[in-house]
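Below is one structure, written out as structure tokens; comments come after it.
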């Protein structure tokens, strides 16, 4: 097959929805309907995951996704089967949150290195929002992060409203921020937990006043700030959720799903093996990952081999850890390119890009679902070709747009340039700058 064919762009704009898909309102994709679950439980025992896998085969096409924010998606549903799936999940006790998305770190309450366990605050906020009922009319994609810190913290997660635990003079306060990650959010105040829910409800009321599509970026931070001077933000980067991780004395094994997806058959085989090894729980995690708890240290290598046999990423040094990709044309009605084919092209044509110094985002369209935040380097499918985006989101203005047939030679030129240098790929791309990169990619040097 030629390089151009699997990367060919379809001449249609991406379909944008104003809401995220749920069990009640699944979304039409290229392989049927898709439902997204935000489990109430922080994790499930392997037997519960086996039930999930079976239900995905019974009611869908047996493909499951873990999203960039650590939610679960079941694919290939129909209008009739989606309703039955919801009922069967409820009967199995596998309940999912509805309404405002309120996110906490995947190891909250277990990681002794965290500043605070954010779950009680998150639950109090969730209850308060439910009590407000119709008084709050919020954008369907609005997200709140309650980050108590720890190894796998959410400092890099972009949210409309953030509550980040901080220590001040021996006390724990919650730093409230708008529209960003822990470093970029506009800080409004630092309050004790007893005042945090009321402070967030005030922001949600302000968003309601702006209209049902308002997001955190639409609020005026200067008008809402409670303090003119706050300490600068501090964020400890979270490592990739891959390999054996030690979080405050707790050992977990992290695996990442290539392209954020796993087939039910592979999941079942993996889970059967995990049960035999003594795994107690599997948790969803941001970054298209799953965390396994309960594996004894002496059996970690066996667990890693099981995961690898299931097609999961188990090595922090695996170059695929630095590629974030969506299903594209293979499983989404908005996909204009096939990111899997593009991944193969990158591995063979431009391995110098995969040195771990940057994140590559391969997006089937400008929505950028697999990686909503900015990426070091992105390739996005557009009706006009494949767009190269530097330091931005998938839909941001590109440095260049290439015909699919021209992408391979362009990546080869870039690879040659990077291999000739002594610095990392990220450093060299920064040194080239937009104009130099455009000239190199377009062969105008």
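Rule-based calculations on the coordinates, nothing more; no lab input. Keep in mind that this is a model prediction, so the values were computed, not measured. In this analysis, Cβ positions are derived from the backbone assuming ideal geometry, glycine residues included, and neighbour counts consider all displayed protein chains.
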Take peptides 240-246, 435-441, 283-289 and line them up by average Cβ neighbours within 10 Å, highest first, as a rough protection proxy.
283-289, 240-246, 435-441
Rounded to the nearest 0.05, FRET efficiency between residue 24 and residue 422 (Cβ-Cβ, R0 60 Å) equals 0.65
Taking every pair of alpha-carbon atoms in region 91-136, give the share separated by more than 15 Å as a whole percent.
56 percent
Shape category assigned to the chain from the gyration tensor of Cα positions, a/c cut at 1.5
rounded
Expressed in nm to one decimal, what extension gain is obtained for the pair residue 315 and residue 357 from 0.36 nm per residue of sequence separation less their Cα-Cα distance?
13.5 nm
Please compute the contact order of the chain in relative form: average sequence separation of alpha-carbon pairs under 8 Å and at least six residues apart, divided by the residue count, as a percent.
17 percent
Percent RCO, i.e. relative contact order, over region 107-224, from Cα pairs under 8 Å lying at least 6 residues apart:
24 percent
Within the chain, percent of DSSP bridges classed antiparallel, to nearest 5
80 percent
Could you pull out which residues in region 183-218 have an amide N less than 11 Å from a spot 7 Å beyond the Cα of residue 171, following the Cα-Cβ vector?
191-195
Rounded to the nearest 500 deg cm²/dmol, what is the calculated helix-only ellipticity per residue at 222 nm for the chain, with -39500 (n - 2.57) per DSSP H run of length n ≥ 4?
-9500 deg cm²/dmol
Whole number please: convex hull volume per residue of the Cα set in region 107-224, in Å³?
101 Å³
Cα convex hull of region 334-441: how many Å³ per residue?
88 Å³
By Cβ neighbour count within 10 Å, fewest first, 181, 218, 169, 147 rank 169, 218, 181, 147
Of 65-75, 203-213, ordering from highest average Cβ density within 10 Å down gives 65-75, 203-213
Region 386-445: relative contact order in percent, alpha carbon pairs under 8 Å with at least 6 residues between
34 percent
Spatial separation of Cα centroids for region 202-275 and region 37-92, in angstrom
20 Å
Cα-based shape type of region 392-432, given that a ≥ b ≥ c are square roots of the gyration tensor eigenvalues and the cut on a/c is 1.5:
oblate
Residue exposure sequence - 334, 238 - by fewest surrounding Cβ within 10 Å:
238, 334
Among DSSP bridges having both ends in region 334-441, what percentage is antiparallel? Round to the nearest 5.
70 percent
